[in-house]
């Protein structure tokens with residue numbers, strides 16, 4: 001009688017468990033483990049994104065604010081360029097596309113380029129008009145914090161013989177090279193500027209020379 005009771009109350013052996021049950025338990029455990037890893041990585045990415053967004057906002061201001069300013073500038077610059085008479089555009093730059101500064105402005109606003117030099121060969125009057133009617137309205141405080149726009153008032157000659165007097169400089173006062181920009185273009189004790197200095201503050205990939213053309217194009221804004 002006791003042997004029978006012991007036999008009835010004995011736990012089922014491992015061999016009696018269905019193989020499919022083992023598979024399901026294993027798959028479920030793997031799914032839970034994968035989900036936990038994914039959630040952990042997502043939280044880490046969110047923390048990093050929040051951290052760097054805070055760094056970005058403290059350094060140059062909210063990206064949305066600057067993107068809105070750039071969008072407005074691009075639209076108004078194109079409207080301005082389209083309003084020029086073809087003969088004027090031809091006389092000023094040879095091609096109205098030479099007067100598109102929107103790519104450089106974008107990189108400057110996003111903290112990737114120290115400054116933008118608004119200058120066109122034989123086109124000082126057109127540049128003045130662009131700056132006064134477009135740039136000053138959408139690229140300066142209070143629309144965009146930290147930006148500055150100033151005209152070069154004294155003679156400063158580059159190695160190619162170009163005198164940058166009369167050109168306009170847009171720069172970000174929060175950029176790490178802001179002081180270098182101010183010293184390069186607005187130090188009235190200096191009357192010359194080297195190609196190396198220009199390449200550094202304009203973020204050009206090499207030395208400036210008479211044949212160099214650098215164009216910035218924005219394909220997919222942030």
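Each value in this text was obtained by applying a stated rule to the coordinates, not by laboratory testing. Note that this is a predicted model, so its numbers are computed, not measured. Ideal geometry is used to build each Cβ from the backbone, glycine not excepted, and the neighbour counts take in all protein chains shown.
Remarks
- Sites residue 183 and residue 153 - FRET efficiency at Förster radius 22 Å, r taken between beta-carbons, to 0.05: 0.90
- Simple label model, 7 Å out from Cα along Cβ direction - residue 85 to residue 162, nm: 2.7
- Size descriptor, Kirkwood hydrodynamic radius, that averages inverse alpha-carbon separations across the range 61-202, Å: 15.5
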